[in-house]
Amino acid sequence: MPVLVDLGRRFERAGHELSLVGGPVRDAFLGRRAADLDFTTDARPDDTLAILKRWGDAHWEVGRDFGTIGARKRLAGADGQDVVVEVTTYRAESYDPSSRKPEVSYGDDLAGDLSRRDFTVNAMALRLPSLDFADPHDGLTDLAAGVLRTPGTAERSFSDDPLRMMRAARFAAQLRLRLAPELVAAMTAMAGRIAIVSAERVRTELEKLLLAADPVAGLRLLVDTGLAEHVLPELPALKLEIDEHHRHKDVYEHSLTVLQQAVDREDGPDGEVPGPDLLLRLSALLHDVGKPRTRRFEPGGGVSFHHHEVVGAKIVTKRLKALRFNNDTVKAVARLTELHLRFHGYGDGEWTDSAVRRYVTDAGPLLARLHKLTRSDCTTRNQRKAARLAAAYDDLEERIARLREQEELDAIRPDLDGTAIMRVLGIGPSRTVGRAYQHLLGLRLERGPLGEDAARAELLAWWAQQPESREPQPGAQGPGAQGPGAQGPVAAQGAGTGAE
């Protein structure tokens, strides 16, 4: 790319080296386009900043403490494409055993910088402006062979930055690379060292792993090496001991299968749940985490997991908060976990329209994901049972579609809003208005649209049973207010009308 050669010449004229390094070089050999471009240089941050200020249209220094300066340059042309670069001084990072923060020291040459990279496939560089390829650790050979190795010993690499153990699992999931045996051995021996890494950094790697092409492969590595015990202990806890009669499924294997089936059910870019979708994948993985705490061996040899969805929602909330996921993600995954069993009551008997409305209302904006999670949760090898469950869910979705056409289910509201409730009852803003609103919403869910007249009659009938209806209402709207706060007889008449 000419713009990168130009940037290399600018560093060269200033007496410095510049190389494209890491992921962008690796991805070029894989035929993947990197969104951002990473460079390394012998220039110190002040010198890098001076060059990038003259080159780019914008720059930032948020990574300055780690030797990194970023910049953006708008390319000429109709597409208005931006080139985003981050330039980091040759460096070495290591962790003090008791510290979560890396200690940064600067290096003086490219070879030394590449030797400190996490993996050989990321220790390749393209010198600029000469375009000479540097690969001192045979990363291209490893990439062609599909093997993940470290430039030096795995123990040294993981000691320098323990998060690299998580990254190894992520590359297994993302690039479908198999780990060299010495990496697996080092991860197993050093798993506990991940505890010094901040929850935010761990979460970022876990997200990338889950959003990868083959998340199951990465998760198996986390469990097999013991890393999951420290970052997501609920996952290995699903390996419940199976009794000799196999009275319940292997919950761990079941959960990984559900995750894979959820990945397979994700939509394209224009679908309701375009993949990769973090909420669906997290929910699929964690939907049964309540089972270990709720397992009971019943008389007669059965095994039960009563209310594991409720317990699981609480466990999910606690774990995702500990990993510093944002509140929206925590609430959504907990809600999907809580609702994932709701459908199974559908096959036991015909749901009323009210039950279908509540299913949709309780799922809210998560309904499309709940559909996919529920379907993915079927892992039975009994083809007849699987077909029966699929047919039942087809029927439920068809009923939802019909009701949606009839009633616009996505925006269910009572027939009277808060303003109308206050006008009818002759009261001002108060908790009573909220209670009245919920009463009308319940009727709306049970019986469908009532219409304003019927809703008003139901509201007045409800109001006549409330103690505050017999008290003076300070928020009453005067003689013109239509409600028992102003006109008691009207309320009584309305109540009678609603009961007919």
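Give the residue from Leu403, Leu227, Met422 lying farthest towards the positive end of the charge dipole for the chain; charges sit on Cβ (+1 for Lys and Arg, -1 for Asp and Glu) and the dipole is referred to the Cα centre.
Farthest towards the positive end: Met422.
Between segment 207-241 and segment 110-136, how many Å separate their Cα centres?
Using only Cα atoms to place each centre, the spacing works out to 31 Å.
Calculate how steeply helix 163-174 sits against the longest principal axis of the alpha-carbon atoms of the chain, using the helix alpha-carbon long axis, and give the answer as 0 to 90 degrees to the nearest 10.
Orientation of helix 163-174: about 80 degrees from the principal axis.
Under a point spin-label approximation (7 Å from Cα along Cα-to-Cβ), what is the Ala199-Ser105 distance to one decimal in nm?
A separation of 3.3 nm, rounded to one decimal place.
Taking the Cα centre as origin and putting +1 on Lys and Arg beta-carbons and -1 on Asp and Glu beta-carbons, what dipole magnitude results for the chain, to the nearest 20 debye?
Rounded to the nearest 20 debye, it is 700 debye.
Helix 488-499 versus the longest principal axis of the chain: what angle, 0 to 90°, nearest 10, using Cα atoms?
Taking the Cα atoms of the chain, the angle to 488-499 is about 80 degrees.
Quote the relative contact order of segment 146-232 in percent (integer), defining contacts as alpha-carbon pairs under 8 Å separated by 6+ residues. Mind dumping the intermediate values first?
Details: 107 pairs, mean separation 33.4, N = 87.
It rounds to 38 percent for segment 146-232.
Could you grab the relative contact order for segment 1-140? Cα pairs under 8 Å, six or more apart, rounded to a whole percent.
Working: 262 pairs, mean separation 36.3, N = 140.
Relative contact order of segment 1-140: 26 percent.
Could you give the angle, 0 to 90 degrees to the nearest 10, between helix 308-322's Cα long axis and the longest principal axis of the Cα atoms of the chain?
40
Which trypsin sites (Lys or Arg not before Pro) in segment 193-242 pass both tests, a DSSP loop state and at most 15 other beta-carbon atoms within 10 Å?
Listed in order of number, the matching sites are Lys239.
Starting from 0.36 nm per residue, how many nanometres of slack lie between Thr379 and Val310 once their C-alpha separation is accounted for?
Working: separation 69, 0.36 × 69 = 24.84 nm, distance 2.12 nm.
Taking 0.36 nm per residue and subtracting the Cα distance, the gain is 22.7 nm.
Of all chymotrypsin sites (Phe, Trp or Tyr not before Pro) in segment 103-152, which ones are in loop regions per DSSP and have a Cβ with at most 14 other Cβ atoms within 10 Å? Walk me through the numbers on the way to the answer.
Working: sites: Tyr106, Phe119, Phe133; in loops: Phe119.
Within segment 103-152, no chymotrypsin sites (Phe, Trp or Tyr not before Pro) qualify (loop, at most 14 other Cβ atoms within 10 Å).
May I ask you to derive the relative contact order of the chain, considering only C-alpha pairs under 8 Å and at least 6 residues apart, and to give it as an integer percent? Could the numbers behind the result be given before it?
Values: 788 pairs, mean separation 37.7, N = 500.
About 8 percent, as a whole number.
Antiparallel as a % of all DSSP beta bridges within the chain, to the nearest 5? All intermediate terms of the calculation are to be shown ahead of the outcome.
Values: 26 of 34 bridges.
Restricted to the chain, the bridges split so that about 75 percent are antiparallel.
Under 25 °C and 0.890 mPa s, how fast does the chain diffuse according to Stokes-Einstein, given a Kirkwood radius computed over C-alpha pairs? Answer in µm²/s, whole number.
Numbers: Rh = 27.4 Å.
Answer from the Stokes-Einstein relation: 90 µm²/s.
Using the Cα atoms as the points, what is the convex hull volume per residue of segment 194-286 in Å³?
Numbers: hull volume 9.2 nm³, N = 93.
Roughly 99 Å³ of hull volume per residue.
Put +1 on the Cβ of each Lys and Arg and -1 on the Cβ of each Asp and Glu in segment 1-140; which of Leu20, Gly31, Trp60 then has its Cα farthest toward the positive end of the dipole?
Toward the positive end, the furthest listed residue is Trp60.
Could you tell me which of Leu4, Leu445, Thr40 has its Cα farthest along the dipole of the chain towards the positive end, charges placed at Cβ (Lys, Arg +1; Asp, Glu -1), taken about the Cα centre?
Result: Leu445, furthest along the dipole toward the positive end.
What is the extension gain from Arg342 to Thr294, computed as 0.36 nm multiplied by their sequence separation minus the C-alpha to C-alpha distance, in nm to one decimal? Don't skip to the end; give the middle numbers.
Working: separation 48, 0.36 × 48 = 17.28 nm, distance 1.74 nm.
Length difference between fully extended and current span is 15.5 nm.
Please work out how many pairs of lysine residues in segment 262-408 are eight or more positions apart (or on different chains) and have Cα atoms closer than 13 angstrom.
Values: Lys291/Lys314; Lys314/Lys331; Lys318/Lys331; Lys321/Lys331.
The result is 4.
Values in this text are rule-based calculations from the coordinates and carry no lab data. A quick note: this is a predicted structure, and the numbers were derived from the prediction, not measured. Please note: Cβ atoms are built from the backbone with ideal geometry, for glycine as well, and neighbour counts cover all protein chains shown.
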